[in-house]
1. Size of the stretch 64-144 along its principal axes in angstrom, Cα-based, largest extent first?
2. Which value, in Å², gives the accessible area per residue of the chain when a 1.4 Å probe is used on the protein heavy atoms?
3. Rg and Dmax of the stretch 135-189 over Cα atoms: what are they, in angstrom?
4. Computing the accessible area with a 1.4 Å probe over protein heavy atoms, can you report the carbon and sulfur percentage for the chain?
5. For the chain, find the longest principal axis of its Cα atoms and tell me its angle to the long axis of helix 71-93, 0 to 90°, nearest 10.
6. Sort out for me the Cα centre separation of the stretch 31-103 from the stretch 167-205, rounded to whole Å.
7. With P(r) over Cα pairs in 10 Å bins from 0, in percent defined as stated, name the option among [x] 7, 29, 30, 18, 12, 4, 0; [y] 8, 33, 40, 18, 2, 0; [z] 8, 32, 34, 20, 6, 0 computed from the structure displayed.
8. Give the angle, between 0 and 90 degrees and rounded to the nearest 10, that separates the Cα long axis of helix 16-35 from the longest principal axis of the Cα atoms of the chain.
Amino acid sequence: ILIVVAIIGASFVLPPFWLTMGAYAGMNVIVVMGLVVLTGICGITSFGQATFVGIGAYVTAILSAKLGLSPWLGLMGAVLVGFLVGVTLGWMTVRLSGFYVPLGTIAWAVMFVGLVGNIAFLGGHTGLSAIPAIQIAGLVLDETREMLILIWVFAGASILFTRNLIHSRSGRAFRALHGRTVMAESMGIDTSSHKLVAFVYAAILAAITGWLYAHFQYFINPTPFGLNKGIE
């Protein structure tokens with residue numbers, strides 16, 4: 001909480017370049033909180049988190065830029081679609097083992113860019129523009145400083161949620177999964193369901209990041225959500 005407050009306070013004295021870097025850092029923090037659980041705790045290597053960021057970004061872009069709905073409805077749509085896709089892909093991925101897990105995430109990361117880039121409704125490789133700014137109680141967040149504050153509020157919330165999750169009963173089960181599935185199963189832990197929960201949690205955080213990214217950039221195309229970004 002102190003870190004988030006300090007960053008918000010510093011935003012009133014920092015130059016524009018650092019505000020932009022701070023906003024990107026905050027969005028990366030949200031994605032990494034998902035990877036803390038998925039890879040750091042559970043030991044499931046995923047190169048596809050950028051794909052879920054792209055899913056969140058494209059869902060909110062369609063709802064707000066194409067259909068004219070509120071960006072907050074875009075947030076709900078991004079979370080819902082991120083959850084559904086996370087469950088679907090996670091259900092297939094967590095059943096793999098060894099190096100097939102990261103290979104599987106690489107496969108759907110590549111497919112996402114190829115699919116989105118060839119759909120005219122989604123703007124193809126040119127992308128979608130005219131994404132509106134987020135509004136809160138009539139206040140339009142169209143300045144970098146305002147978006148940085150919103151982004152770091154979400155980043156702080158993601159840190160708190162992740163901390164609580166790690167220290168919960170499920171978090172202890174997650175720690176038991178890291179390279180010791182047989183031992184975890186012998187203690188009565190449903191390893192498949194816990195892996196799926198971790199996968200979906202990371203997917204939802206990434207989708208929320210995509211929502212923030214789309215309304216921060218006002219424009220999206222498939223390139224930032226490809227395999228290279230997932231590896232990075």
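1. Sorted largest first, the three principal extents are 50, 27, 24 Å.
2. Working: 11340 Å² over 232 residues.
That works out to 49 Å² for each residue.
3. Reported Rg and Dmax, both Å: 18.9, 55.
4. Values: 8000 of 11340 Å².
Carbon with sulfur: 71 percent of the solvent-accessible area.
5. With both axes taken from Cα atoms, the answer is about 20 degrees.
6. 18 Å
7. [z]
8. Approximately 20 degrees, to the nearest 10.
The values are calculated or read from the model by the stated rules, or taken from the named source; none is laboratory data. Because the structure is predicted, anything quoted here is derived from the model rather than measured. So basically every Cβ, Gly included, is an ideal-geometry build from the backbone, and we count neighbours across all protein chains shown. The protein model used for the area step is the full one, side chains on, heavy atoms only, and it has no ligands, DNA or RNA in it. Shrake-Rupley method; radii C 1.70, N 1.55, O 1.52, S 1.80 Å.
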